[in-house]
Each structure stands twice: as C-alpha cells, then as structure tokens.
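Input: a single structure, listed below in structure tokens.
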Amino acid sequence: MSPKSWRPVLAALLATSLATQVAEARPKPKTADQVAPAPALTADAINTATLSPQAGEKAPAKRQTGKKNDEKPDPLIVKAQVLLDRARFFPGAIDGLTGDNYRRALSAFAVAQGLPATQALTPEVWGKLQATSDKPVVTDYPITEADASGPFLDKIPPKMEQQADLKALSYTNPREMLAERFHMSRALVTALNPDKPLDKAGTTITVAAVDPMGTDKPKAKELPQEPKVERIEVDKTSRDVRAYGADDKLLAYYPASIGSSEKPAPSGETKVKGVAFDPDYTYNPKYAFKGVKAQHKFTIQSGPNNPVGLVWIDLAIPSYGIHGTPEPEKVGKTESHGCIRLTNWNARDLAAHVARGAKVTFKDD
C-alpha cells in the first residue's frame, strides 16, 4: 500500500481516537441511584434551598446508598415537607427523606392545585408550594424549664399489660417530646442540633417552623373549629385520610395506618360520634390482639405514648375510631390494631375541626 493510501486510514483512526477521548471526558448523566450527595444540613441551607430549573422530576429521587439508615436528610426535602405541612397536606414526620408519606402528600397537593398527579417534586409543583408561604421553614426554639423537666418515663414496657401499671404514658425524653411538638422525626432533631443538650433549659435549637402541637384539652364549646370538617374519606389502598368541608372542598390530607390482618378496617359508611382528647385506653380481651394474653379488661392511662395517643375520634361502629399513636414515624408504614391511626399532631388537628355527625366513608380501591 502506498503512503498516500494510508492517509485516509490514519485520519479515520485519529478521528475515532479523539472521539473516544472526548466521550470519556464528557460527564456521564446521573441515574436515579447516582444522585449527588445532599448539601450540609444547616438552617440556612434549608431556608434557602430551591429546585434547580434543570432538575425536573429527578431532583428529589430517593437516595440509594445500600442501607436505609445511611440516607441523609436533604435540605430541599425538609423545606418541601414543611411547606406541605403548613398547607395541611401532611407528609408524616418531617425527616428530609423521600419516603412514601412524602411522595403521596406531594401527589395529593399537586392534584389539589390542578396539576397532574406526580410523586416527584417537579418545577410546577415546587412553584405552587413556594407560593403557599414565604416565611422561613426552620426556626430557633429556646428549650424551657418545663421542656427539660418533663416528667419523663425511663422506658415504655413493650406489653400492654405492663403499660397498665404506669400512672401516665408520658414521653421518655426531651428529644421525643420536641420531635412530636414540631412534627419532626427524632433523627432530624438530632441531625439539625448535633451535640446540643436537649435536656438543658436555655439551649437554643433548630426546629421545623410549623404550628406546634399542643397537649391541652380544648373546651367542648370551642369545638369544632373553623374550617369545619363535614366529611372524612379513609382510603385503605393509598393509606390516607382526607377531610372535606361542607362545600366538599378538601381541607386536609393525612397519612394513616389503617386496619390489620387480625382486625381489618370496615367498608362502607359510618359517622363521627364524638371526640376525646388525652383519653385513657381500655383493652377488651375480645379484641384478641396478637401478643396480648390477658383474659380480662384493663386500662392504660392517658399520655402521648398511650396506644391511642392523644386523641380518640369515636365512630358509630363499636370499638372503631380514628386516633393518635405512640409511634408517629411508623404511620402509613405499618398496620394498626384495626382502627385508623394518625400521628398525634394530625389526630389533634382533625379532632379540632371535625363536626359531630360528620360522614366517614371507607374506600376499598
């Protein structure tokens, strides 16, 4: 072959080599499980977090690091969860993670805003969320003497029969109490306040800027509060509770644990008979709950760690109700003992607004 005949071949080889080098140097697009690490979790990072215009639906993709416990709170997700909470599309315990409760709340909010149902934080959904509030989403909170002093229990016995021996089902420590007051997971409280003594009055901590959950007993004459809930929809498939006003306007969305294999939630319709704040809980052996061996009735005293939490909304079906829980971070993720379980702050919110006689509909699909 003559030298001239080699030239086209050499040119082709050189072009191929250069193309390969350019391709290798060019950044490869990230897949859903190759999301960039979350930025540092600070109050400023959360309050100023925003969705990149180019991010689209991949921005809040669930981080996959091999182990669930390795997931780190994302400032953007914390901000989105606080905004959802304020808009009364509650995402469960605010934790900065893209779990099912958050995704379902996001989708419900999108639909309510006239957008397509989506479990991703799209630019359109983010724009609607930001329009709901321009106030900081996390804020400083100084721990008071009352916060630090409790009283607190050393631990909650695992068996109901043992819990009946306690004088009150109180919180076990300040972190648990503060997390529930500000609608947060205990892990997020710790992550936002590393090395801060939560049991010392005067300590200033960072918390979600939401309406703090109270533990008072509202007076009957003050209930129901506006806007009044006239209808409740319990969706057993999507595991949520929706509250509607007289004009059938959606007023609030709550994640829920609904029924169990041993005591499935009912179907059809019923109504609200009444509301009890800070109730005692009486166990009847006919319930035959798994793990409870007692053959006689017993009563567990009131408190946030009571089996029905801080509220009981009584339904016109014997032994069924909508209530709080001692384990808010498990709502929507595990079964209940047969009733409808909400976080304590969501149960109190619904109880404060629901009218006696409100219709309750159970959806099977």
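The values are calculated or read from the model by the stated rules, or taken from the named source; none is laboratory data. Computed from a predicted model, the values in this text were never measured in an experiment. Don't worry about glycine lacking a Cβ; one is built from the backbone with ideal geometry, like all the others, and counts go over all protein chains shown. Protein only, heavy atoms only, side chains kept; ligands, DNA and RNA dropped before computing areas. Shrake-Rupley method; radii C 1.70, N 1.55, O 1.52, S 1.80 Å.
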So which residues in segment 292-313 are in a loop (DSSP other than H, G, I, E, B) and β-branched (V, I, T)? V292, V308
Taking the conditions exactly as written (open to solvent by less than 40 Å² (accessible area, probe 1.4 Å) and outside any helix (DSSP H, G or I)), does A168 satisfy them or not? yes
Here is a check on your reading of the model: is P304 within 28 Å of E233 (Cβ to Cβ) and open to solvent by 20 Å² or more (accessible area, probe 1.4 Å)? no
So which pairs qualify, if the first residue must be in segment 203-226 and open to solvent by less than 90 Å² (accessible area, probe 1.4 Å) and modelled with pLDDT of 95 or more, the second must be among the aromatic types (F, W, Y) and part of a loop (DSSP other than H, G, I, E, B), the Cβ gap must be under 9 Å, and the two must be at least 6 apart or on different chains? V207/F182; A208/F182; A209/F182; V210/F182; P212/F182; M213/F182
Restricting the search to segment 127-153, which residues are within 14 Å of D199 (Cα to Cα), in a loop (DSSP other than H, G, I, E, B) and open to solvent by 40 Å² or more (accessible area, probe 1.4 Å)? T144, P151, F152
Given the conditions (1) out of contact with any strand residue (DSSP E or B) (no Cβ under 6 Å at 6 or more places or on another chain); (2) in a strand (DSSP E or B), every one holds for Q162 apart from (2)
Taking segment 279-301, which residues are open to solvent by 20 Å² or more (accessible area, probe 1.4 Å), within 26 Å of the chain's Cα centre (by Cα) and under 22 Å from V360 (Cβ atoms)? Y281
Condition met for E161 (within 29 Å of D44 (Cβ to Cβ) and among the acidic types (D, E)): no
Does segment 280-298 include one or more residues that are touching a residue at least 60 places away in the same chain (Cβ under 8 Å) and over 17 Å from Q162 (Cα atoms)? no
